[in-house]
Structure formats: structure tokens, C-alpha cells
Amino acid sequence: MADLHFPMVRQVICVLIAICLTDLSSSADDLILVRDGRPAAVIVIPGNRHWDTQSWQIMTEQHASRCLQANLLQMSGARLPIYADTQLGDLKVVDGLVIAESSRVDSPGAFIFVGESDLTRALGVVTSDLQMGGLHLRSFPNALVLVGHPELSHPMSDGGGLRAAVVQLLELLGCRYLWPGEVGKVVPTRRTITLPTTAVTYNPPLNQRSIRWAAVHPRSVEGVNALGLDGERWKQDIANAMLSRAHTLVEPARYQSSADISWLIWHGVGGDAGIFGGHSFSNAWEKWGEEHPDWFALQADGTRDQTGTGSRERLCVSNTGLIDAIAADVIRQAAEKPEQKAFSLCTNDGGYSSFCLCEDCAKLDAPDAPMVRLLIFKKAGRGERYAKEHVALTDRYVWFWNQIAQRVARQRPGLLLVIEAYSAFSTGPRRERLHPNLVLRYVPNDIDEWEIWRNAGAKRMYWRPNILHLGKKQGKLLVYARSMTESMNQLVVDGMLAVDVDSITGSWSTLGINYYVMARSTWNPRLTYEQILSDFAHHGFSPAAEPIRQYFVRAEAHFHNRPSGEAAINAIAALRGFLSEADRLANGYPAILKRIAFLRLGLNYTDVRTRIEYLVSQAEAGEVYDNQQAGRLLDLHYLMLRDFALYHPIAIDAGMVTRYSVNFRAWRAIGADRRRPSEQLMQRAAAAPRQTGRENSIDELMTVFGLDGSELPVPRQRANDPTEFIMEADERGNVLELPTP
């Protein structure tokens, strides 16, 4: 196979390499890693590291090598030994061949070098040409080199690209990580593992690729408790189900002995460009309020009192005394933290106070700015409020930030200050231009105003959307991934510096495709939605790839069309058809059937919730509705949520949807706030998992939960279940999947 080189500016086909390589027939030139279930190579890490100065590098190399070893073991049953190069005797490179003159191991066959060393440099593979997070993956006649950019500037970093190089190799061999947990991990079984001649260089365009992880949210714990279950135990169940509790290198002791690799790390989420922002004026009232109440926002009652705002104070941004104080504070912090590249000037959001209503602040607003809706609190710290139309506040805030930046730049000319397009100042400024030291974090989910901000002088920008919050409160199937990739495609061309997305919150069977696409896009923002979705379907569901792809395409259309009532129920029925066809095509592939069942868990929940919402809309409109059916659906919904929490915690975040329904008071029109299944039924249903993802109708769900008038069915026996994994375990107890096509 010809060498493949991926310079930073040409990365569009990156995801397609894996398909090409894994479909190639083996040849005499292939590098053999495993032969007939036995090791044909050794994994080699540098042995001349020193803990006092290179601890993060050592831990990353150890972790990366163990991840590689564990996944190859799961694929083939062969455990490739790991050695430090100093343990192997005298190794040298002659004409691209690694020669072991006095090897201390028996006939290693091939060497897999993980991490830069004298030997990898002798093979001509260096890291000096890589950017942060970049990687080289290159094969030789009897060696394979995996290296990454050496900089490890932050514990939450991506390991300088080394772990990404290991993941790239595993993906070339057909592995994928669709969603956390055993079912979402795609590891094809191969008794012999070979690699065609390969040379991959990749530099991610974004040095900072953050996706926030809130899969165990405190509000979810509250919701699980409200279901009569143990929220703390549920947290532990989530961690166990995800296969990896480690998402960063923050716990070095754990990584020294672990082969865990989290879903986030697998997808290259991480990196550090030093430009994180965040709300930076919390507790300002406690700090300045007594001496300088005039620094705070004038409220509707004529005072500037911010008592009771919960550390979400609003400021009087036209006050030059406040500006002087903030600038001095930033200069002081910069002196204390000389390594820090940027400091945040982002203001508080939420809370119980109004933006400043004083005349001086109002004069800073642009008269021709778009209109926005402001919440005016009658008294700060209390909930009583009303809405008011007002021009966007962007220009007043840009003026405020500019004033601070000018003062700071006099003493710290190169220091960057992070601001944000958010809330009532999301739209671009109409009059003000941004100081060159300001870095804009752009919060809107759409990018309609991005170009206006750029034209106003924002040359350093990164995207910080809350887009992954969409759908978390309902847990229903919701596909909006295409719009995210289209935004990423455009923003990387426009010079986006970084991405910081909020936030993964669970319900992977319904929202997981959005998480997956966002993660792939942060690693390579030039990939299209079609490329990512096709790769997802091909590697996770072949030979049922096409109906799975169509399932998500149709679900996306469902989201955009927003059908309701019977139209929504009919749309869900059409989606069932795609999963049924996928089942038919995947017959004989237990691992794939399991993944289809996981998706159907989410579709079933979507169906039940959609029908309930239809009945609620009828009741609220004063129409006649089926009261008996409403009661049965409410019982089913409640039992399903408990079953999700107990046995399928990754599929649907039962706690989140319970918490945000305020214990189902949102459906009070049909009595949801007063109705619960009988205690006896709940106890019997909790004795074993009921839903499996094979139920293909509401009637089948009613039956498995004992709501059709019959006896609650006996739990299905694992041995008689044709769609369970047919499991083979290696010597370490790792489960091996059956071969996938």
C-alpha cells in the first residue's frame, strides 16, 4: 500500500483509511503482529526515562502500551509482551531493519515501538515535525513505530498524541468505540493480525478539543432517588457499565497498572491551548459590595444590592472604578501565574438579578443592535420577574472588555483575555471593535453571528456551545449531529482555535450518535456528517450498515420536521422498520444484534414518552382522551425508568428525565403526578431486567412488565437467548466477540 501522509491542511479522508486497510487482503509484505493466536511481535517502550523529570511521559507510554496490549489480546487471544528497550539487549537499525544482536527474548519477530526513542529516530521517525496532539504511525519490514508530539502540558491532555497513535492503529485494524461499555466497543476477533505497509502522519487542526463529561450529574442522582432507588449505587453502576472509570491522566497511580481507556480518550478529546474561559466574577458582591456598591448593576427597585443572587452577581460595566479594579486584579494574577497564557473576563450567567439598568450603561448600547429579551427582577435575589425587549447588550460589554484589555496591555502586552458571545450579548457588536488581546469564546449553538464578530476584530475565537444539552431533559431520540459537523467544517476554515462543548449527559441509546459525531469532529473537523455516519454504521453494524444509516437519517428528519401526535407515532413506527431490517441482515452476528437492541431500547422509550405527551396535549386542550390507556402508559413509563436505572444505566439517563419532569408533575393533566404502579408490581419488575431491546411494540413492552393483565413473565434465561453475546473469554477474563464482517 502506498504511503499516506496527512498534513494539517488535508485531512478530509482520514476516517476512510480504516475502511481501506481493514478490507485489504494480506500480502507477503504485511507486518505480522499475531499469528494463529500467538504473539509474533513485542511491544517496546523507551527505558531511559527519569521519573523526576519525565513522569507524565512515562505514565503515558505505559498506559498507551497497556491499552494496545489489552486490545490486541481481546482481538486475538495473544498477549504481546511489553519490554523497555533497555531490557532487550543490543538493538540497532540497519537499512530500516531492527537487528537484535544479543536479544534477551526469544525470536520476537517484529517490534512495536510505543514512544519516541533512539531506535525510532534511527528508523527516521521523529516528533519534531509534529504539532501538539500530532502522531506518526509508520511500519517497517520488522517494526512498527507509534509516536506522538512530546508535549504533555496538562494532566487532561491527550498524551501528546501517543495514545491517539495507538487508537489510530486499532482503528486501522477495525476497532471502534461507538458508545461506552461492552456493547459499544467494536473489537473484531482475528487469530492472525497483519498490517499492510503503512505511513500515517496526522496533526489535529485544533490543539484544544474539549467535550465536557457530565454522565453522572448530581441532578440525575436526585432523580434516581426520586424513583425509589439508590442514587449512589446507580453512580457505581454507571462507572462499571462504562468499562473505564478513568477519563484523564489525573490519577497517575491508576494508570501505571491499568489498561483502561475511556471513550473520551479513545476519540482524542483533550489537548490544551491554554485558552479556557469561564464565569469569573462569582462572589464579587462578597468581595467588593460593602465598600463599592456602585460597582454593581442598578436593579429595578433602584438599589444595587446583590444579596441573595447566589454568586451570580451582575456588574455595572460602565463604572471605571470597577474596570480599574478588575484590570489590577488580572495583572496581579498574571504575576502569580506567569505560565498562564490567558485569563477570563467572562461574566456570570443565570442568577436572580437584572443586567444593569443605569443610564451610563444604556448609553453604551448600540441603537441599531438586534432586539433581545431581558429578564427584569423586581428585587435582586428573588424570583419575581418580567420580560422586557431591549437592544442587545453586546456593545456595552465589548466596551467594558476593551477598557480592561487596554489597562492590562500597558503592563502585560502579550497577555490574552477571554470573553464570550453569550446571553444578551450573543450577537456581534454593531459599533465597537475588539481589542487584539481579546479571545472570544462563542457560545451560541448556531454560527450565524460568527462572521460579524470576526469583522469586528475578533481574530482569536473558539466555539463553546451548549449544544449537547439538547434532549437531555426528555431522553428521547433526537439527532442533530449534521448541523454540528457543518458548523465544525465551516469554523475550522474560518480559523477556529479550539472547541469546548457542553456537555455529555447520558441517554446514549437516543443521544449517543450526537456525542459520537461531535467527538469525531473535534479530532478532525473536516470530516462530513455522511463520512462519520457511514463509518459508524460500517464498523459497528455491517452487514446491517445501510438500515442503521437510514435509521439515523430518518431520525434526523424527524427532529427537523417536529411531528406531533399521530404523525410522531407513525414516524416512530417507520424507524422500527429500519431496526427490524437491521435485525434480519445481522442474523448470526450476536454482537451486532446486541447493538441494534441497544438502539431499540432508546426507540421504545421514545415511543412510550411520545404517546404520553400526545395524551397530555389532548387533556390540556380539553379533548377527550383514553384515560385507561394513559394510566397503563404512565405505569409502563415509570417501570421502564426504574429498569433503565437498575439494568441499563447507559441507555437512558432515568434520573435526568425524572428530575427534569419534576417527578412527572409536567404530566399532571393525565394524573402522572399522582399515579405509581403498585409496590408489588415494582418489586417483581425489579427482580430481574425486563426490557432487552428486542421488544418491538408497546404491546410487547406491556407484556414483559406485566401490564397486560397476565402474570409478570419469568426472566429470560441467558443460555436460551439467541441475541445475547456468545462469549469466549481469554485467560484474563476479557470477552471476545464473534467475528464481524
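If the chain between ASP446 and ALA241 were fully stretched, how many nm would it gain, using 0.36 nm times the residue separation less the Cα-Cα distance?
On the way: separation 205, 0.36 × 205 = 73.80 nm, distance 3.35 nm.
Answer, rounded to one decimal: 70.4 nm.
An oblate overall shape is assigned to the chain, the ratio a/c of its alpha-carbon gyration tensor axes (a ≥ b ≥ c) being 1.5 or greater and a/b not exceeding b/c.
Of the residues VAL200, VAL657, SER262, the one whose Cα sits farthest towards the positive end of the charge dipole of the chain is VAL657 (charges of +1 on Lys and Arg Cβ, -1 on Asp and Glu Cβ, taken about the Cα centre). Note on ARG554 and ALA122: the model spin-label points, each 7 Å out from Cα along the C-beta direction, lie 6.0 nm apart.
If each DSSP helix of 4+ residues adds -39,500 (n - 2.57) and the sum is divided by the residues in the chain, what number results at 222 nm, nearest 500 deg cm²/dmol?
Roughly -12000 deg cm²/dmol at 222 nm, from the helical runs in the chain.
Legend: ranking of residues SER507, SER311 from fewest to most surrounding C-beta atoms inside 10 Å; resulting order SER311, SER507.
Here the label points at GLN683 and HIS50, each 7 Å from Cα along the C-beta direction, are separated by 6.7 nm in the simple model.
With an 8 Å Cα cut-off and a minimum separation of 6 or more residues, compute the relative contact order for the range 301-403 in percent. Don't jump to the answer; show the numbers that get you there.
On the way: 132 pairs, mean separation 34.1, N = 103.
Relative CO of the range 301-403 lands at 33 percent.
If you average the sequence gap of Cα pairs under 8 Å that are 6 or more apart and divide by the length of the range 534-715, what percent do you get for the contact order? List each step's numbers first, then the result.
On the way: 190 pairs, mean separation 36.6, N = 182.
That works out to 20 percent.
Taking a ≥ b ≥ c as the square roots of the eigenvalues of the Cα gyration tensor of the range 534-715, is the shape rounded (a/c under 1.5), prolate (a/b larger than b/c) or oblate? Oblate.
Can you sort LYS363, LYS459 so the residue with the fewest Cβ neighbours within 10 Å comes first?
Details: LYS363 10, LYS459 13.
Arranged by neighbour count, lowest to highest, LYS363, LYS459 become LYS363, LYS459.
Just report the Cα centroid separation between the range 514-530 and the range 274-318, whole Å. Going from one Cα centre to the other spans 39 Å. Of THR60, THR197, the sequence from fewest to most neighbouring Cβ atoms within 10 angstrom is THR197, THR60.
Considering only VAL125, GLN69, SER507, and ranking their Cα positions along the charge dipole of the chain that arises from unit charges at the beta-carbon of Lys, Arg, Asp and Glu, the one farthest toward the positive end is SER507.
Taking the charge dipole of the chain about its Cα centre, with +1 at Lys and Arg Cβ atoms and -1 at Asp and Glu Cβ atoms, the residue from VAL439, ASN627, GLY302 reaching farthest to the positive side is GLY302.
Exposed loop GluC sites (Glu not before Pro) only (DSSP loop, at most 13 other Cβ atoms within 10 Å): please give the longest stretch of the chain free of them, not including the sites. Intermediate values should be presented prior to the final figure.
Numbers: sites that count: GLU101, GLU290, GLU291, GLU339, GLU384, GLU623, GLU711, GLU731.
Excluding the exposed sites themselves, the longest stretch runs over 385-622.
Summing Cβ point charges (Lys, Arg +1; Asp, Glu -1) relative to the Cα centre of the chain gives a dipole of roughly 740 debye.
Only the coordinates and a few stated rules stand behind these numbers; no lab work does. Keep in mind that this is a model prediction, so the values were computed, not measured. We place every Cβ from the backbone using ideal geometry, glycine too, and count neighbours over all the protein chains shown.
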